[in-house]
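The values are calculated or read from the model by the stated rules, or taken from the named source; none is laboratory data. Given the structure is predicted, the values throughout are model-derived calculations rather than measurements. Note that we place each Cβ from the backbone using ideal geometry, even for glycine, and neighbour counts take in every protein chain shown. To get the accessible areas, we keep the full protein, side chains included, count just its heavy atoms, and leave off ligands, DNA and RNA. Shrake-Rupley method; radii C 1.70, N 1.55, O 1.52, S 1.80 Å.
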Amino acid sequence: MYTQALNTAETADRDLEDAGKAAQFQARIDAEERIEPNDWMPAAYRKTLTRQISQHAHSEIVGMLPEGNWITRAPTLRRKAALLAKVQDECGHGLYLYAAAETLGSSREELVDAMLAGKAKYSSIFNYPTLTWADIGTIGWLVDGAAIMNQIPLCRCSYGPYARAMIRVCKEESFHQRQGYEIMVTLCRGSEEQKAMAQDALNRWWWPVLMMFGPPDATSQHSDTSTKWKIKRFSNDELRQKFVDATVPQAQYLGLTIPDPGMAQDADGHWRYSEIDWTEFKQVLAGNGPCNRDRMAARRKAHEEGAWVREAAASYAAKRAQRQTAQAAE
Amino acid sequence: MATPNTPLWEVFIRSRNGLAHKHVGSLHASDATMALQAARDIYTRRGEGLSIWVVPSSTITASDPAEKGMMFEPAESKIYRHPTFYEVPEEVGHM
């Protein structure tokens, strides 16, 4: 169940580490049992998941911005309807994920406020701009493709509410990738200019998309415990390789060139990519990507401009509740 | 200023005629009408339901997982509550 209200009153041992309970907890994880909100869990497990699920939620919400940018400029009504539906889905995914994160004990408002204050992160991919219509195709094909690759193993994550949210998200996400690829197919079958536009978008998105899987295994700081707790089922590099192997034939079908001259297929059939520029990743993560300031400003503006709606809805509900109590008393 | 909290609701959906309403998730809304509308938008965008219930999360009373043993173990030893506990001669056929 998703609810935070069902959490029993905060128990005194909630933030304490307890070796005996931790061993029992690990035994449950090893037996592939799902952990539910009211179960005992190590404080670090709660903290890691709150961070990961809320970042995931923020990413869905901020992810609406680069695509929302093109809703009014979609080339046909069919494309416009699809893009609107996709952006609406992302909003829903954000809400499922906030609900899952809340079961760990922080309210959605606290989580959102942390993001607006710049204290919580979202996926760095959304700090890149969408310059042409081909970017919308590329985002669906590659960004959503990479997200699916990450999210499918999360459907078996040890934390029940997160796993259930991921099942729902993955079901909806497959339309996103297909509509993106369809845009790319259409552009690549079009004029020379359209195909060049598709190639340009691929050139700009390829490396940032590979960075979406996170730092290489040798340097990733969260991987060991996350693997032990079965939050993570595959390493960053394993997922990245899976993604590259799945994507190369799709690019070949489109007749597009992956912007990595060093890429080659090894004896086992895996496409080996060149060294990733991790300084760029760190720069974007540190707030210096092309659109970081824009995205944060847009989120804050939307939150502030929505304040009167939240206030009006709350005072209307309070007024009605008051009237009902008065009527009941008569 | 910290954003004030909006009440939490649990959402139950009947997916097909004849089936029970099933818990699908939760959402925030300031009142029941808005909770129903939000549930429609969040949980039934692809024809997932014929009917929706929304229930304030704070009104649900849940059993404590720590007392799982006390709650459910007594049933485990009562195998005579299952039909397979009883022997019926084969000649009688299916019963």
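Please find the FRET efficiency linking A:A267 to A:A31, where r is the Cβ-Cβ separation and R0 is fixed at 41 Å, and quote it to the nearest 0.05. All intermediate terms of the calculation are to be shown ahead of the outcome.
Working: r = 38 Å, r/R0 = 0.93.
In this case the efficiency is close to 0.60.
Can you pick out the pairs among A:K21/B:K22; A:K21/A:K86; A:K319/B:K68; A:K232/A:K282; A:K230/A:K282; A:K171/B:K78 whose Cα atoms lie more than 31 Å from each other? List each step's numbers first, then the result.
Working: A:K21/B:K22 33 Å; A:K21/A:K86 43 Å; A:K319/B:K68 41 Å; A:K232/A:K282 22 Å; A:K230/A:K282 26 Å; A:K171/B:K78 41 Å.
The pairs that break the limit, which is 31 Å between Cα atoms, are A:K21/B:K22; A:K21/A:K86; A:K319/B:K68; A:K171/B:K78.
The stretch A:176-330 gives an Rg/Rh value of 1.20, both radii derived from C-alpha positions and Rh following Kirkwood.
Taking R0 as 51 Å, what FRET efficiency do you get between A:Y253 and A:Q324 from their Cβ-Cβ distance, rounded to the nearest 0.05? Numbers along the way, then the final one.
On the way: r = 62 Å, r/R0 = 1.21.
According to the calculation, E is roughly 0.25.
Our coupling estimate for the stretch A:234-242, obtained by passing each phi through the Karplus curve with A = 6.51, B = -1.76, C = 1.60 and θ = phi - 60°, is 10, 7, 3, 5, 5, 5, 4, 5, 4 Hz, Gly and Pro reported as x. Using the Cβ-Cβ distance between A:K80 and A:S174 with R0 set to 22 Å, the FRET efficiency from 1/(1 + (r/R0)^6) comes to roughly 0.60. What do you get for the angle between helix A:19-30 and the principal long axis of chain A? Use alpha-carbon atoms, 0 to 90 degrees, nearest ten. Long axis of A:19-30 versus the principal axis of chain A: about 50 degrees.
Annotation for A:A286 and A:S274: the two label points, set 7 Å from Cα along the Cα-Cβ direction, are 2.4 nm apart.
Per-residue ellipticity at 222 nm from helix content only, as computed over chain A with -39500 (n - 2.57) for each DSSP H run of at least four residues, stands at -20500 deg cm²/dmol. Among A:A312, A:A147, A:A99, the residue with the largest mean-square fluctuation in a Gaussian network model of chain A, with springs joining Cα atoms closer than 10 Å, is A:A312.
First select every other residue whose beta carbon is under 12 angstrom from the beta carbon of A:A286; then total the charges, Lys and Arg +1, Asp and Glu -1. Could the numbers behind the result be given before it?
Working: positive: A:K121, A:K282; negative: A:E280.
So the surrounding residues net to +1.
Normalized C-alpha radius of gyration of the protein assembly as shown, against 2.2 N^0.38 Å?
Ratio of Rg to 2.2 N^0.38 Å for the protein assembly as shown: 1.13.
Distance from the Cα centroid of the stretch A:262-282 to that of the stretch A:140-173 is 24 Å (rounded to whole angstrom). Between the stretch B:28-81 and the stretch A:217-258, the alpha-carbon centres lie 36 Å apart.
Among A:E17, A:E102, A:E311, the residue with the largest mean-square fluctuation in a Gaussian network model of chain A, with springs joining Cα atoms closer than 10 Å, is A:E311. Once the Cα atoms are used to define both axes, helix A:43-62 deviates from the longest principal axis of chain A by about 60 degrees.
Averaged across B:5-11, how many Cβ atoms of other chains sit within 10 Å of each residue's Cβ atom? Could the numbers behind the result be given before it?
Details: counts 5, 7, 3, 9, 2, 6, 2.
Mean inter-chain Cβ contacts per residue within 10 Å come to 5.
Between the amide H of A:R272 and those of A:A264, A:Q265, A:D266, distances stay under 5 Å, these residues lying 5 or more places away or on another chain, with hydrogens modeled in the peptide plane. Most fluctuating residue of A:A27, A:A198, A:A165 in a GNM of chain A with Cα springs under 10 Å: which is it? In the Gaussian network model the winner is A:A27.
What full-extension length gain, to one decimal in nm, is calculated for A:A23 and A:E238 as 0.36 nm per residue of separation minus the Cα-Cα distance? The partial results should precede the final answer.
Values: separation 215, 0.36 × 215 = 77.40 nm, distance 2.85 nm.
Result: 74.5 nm gained on full extension.
Per-atom-type breakdown for the stretch A:212-330 gives carbon and sulfur 53% of the accessible area (1.4 Å probe, protein chains only).
Loop-located GluC sites (Glu not before Pro) in chain B (DSSP state not H, G, I, E or B) with no more than 10 neighbouring Cβ atoms inside 10 Å: B:E87.
Along the stretch A:288-293 the Karplus relation, 6.51 cos²θ - 1.76 cosθ + 1.60 evaluated at θ = phi - 60°, assigns HN-Hα couplings of 10, x, x, 10, 3, 5 Hz to successive residues, with x for each Gly and Pro. Counting charges near B:F72 (Lys, Arg +1; Asp, Glu -1) among other residues having Cβ under 13 Å from its Cβ returns a value of -2. Close amide-amide hydrogen proximity is noted between B:G25 and B:V11, each under 5 Å apart and 5 or more residues distant or on a separate chain (H modeled in the peptide plane; Pro and chain starts excluded). If one takes the longest principal axis of the Cα atoms in chain A, at what angle in degrees, from 0 to 90 and to the nearest 10, does the Cα axis of helix A:77-102 lie? Relative to chain A, helix A:77-102 is tipped by roughly 40 degrees.
Give me the net charge for the shell around A:T72: Cβ to Cβ below 14 angstrom, other residues only, Lys and Arg +1, Asp and Glu -1. So the surrounding residues net to +2.
Using a 10 Å cut-off on Cβ to Cβ distances, tally the other chain neighbours for every residue of A:92-98 and report the average as a whole number.
3
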